[in-house]
Amino acid sequence: MRRADSLKALTELSDTVFYPIILEACKKMSSDSNPLVRKQALLGILKVFTYTEAKIEDHVDEVKEVFVEALKDHHVMVFETALTLIFSYFPKELALFHPIFKKLVDF
């Protein structure tokens, strides 16, 4: 819980100088053992590109990798956050969903 709160506080810094540090922290925390921290990391990535002058086009590959890994998460709150963010940032890239939904259909 404290890691999630500290990550939330870190992402509130909307200065452009801090966004590389915040983005790197969010990428690392997206693989944390706590699902609340993983969810907050995904939301932190959203905040970086919403509240700073950072362009997602400059970080497409690394952000897409984090989002796709989050789609494989077993916790619903992480999965739904990743799903929402992918539909927000990459609405035309439905191929990102194929492996995950194929696995869901096979159940």
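No value in this document is a laboratory result; all are computed from the given coordinates. Note that the structure is predicted; figures quoted are calculated from it, not measured. Cβ coordinates were reconstructed from backbone atoms using ideal geometry, including for glycine residues, and neighbour counts include every protein chain displayed.
Projecting the Cα positions of PRO35, TYR51, VAL63 onto the charge dipole of the chain (unit charges on Cβ atoms of Lys, Arg, Asp and Glu, taken about the Cα centre) puts PRO35 furthest along the positive direction.
Taking the Cα centre as origin and putting +1 on Lys and Arg beta-carbons and -1 on Asp and Glu beta-carbons, what dipole magnitude results for the chain, to the nearest 20 debye?
Roughly 340 debye, rounded to the nearest 20.
In order along the range 17-27, the Karplus-derived 3J(HN,Hα) couplings, from 6.51 cos²θ - 1.76 cosθ + 1.60 at θ = phi - 60°, round to 5, 8, 4, x, 5, 5, 5, 5, 5, 5, 5 Hz, and Gly and Pro are given as x. Pairwise alpha-carbon distances in the range 5-50 exceed 12 Å for 51% of all pairs. For the chain, find the longest principal axis of its Cα atoms and tell me its angle to the long axis of helix 2-11, 0 to 90°, nearest 10. Approximately 70 degrees, to the nearest ten. Annotation for ASP32 and LEU96: the two label points, set 7 Å from Cα along the Cα-Cβ direction, are 2.2 nm apart.
For the range 82-91, 3J(HN,Hα) computed residue by residue from phi via the Karplus equation (6.51, -1.76, 1.60; θ = phi - 60°) reads 5, 4, 4, 5, 5, 5, 6, 9, 10, x Hz, glycine and proline entered as x. Each eigenvalue of the Cα gyration tensor of the range 2-106, multiplied by 5 and square-rooted, gives one semi-axis; in descending order these are 23, 17, 9 Å.
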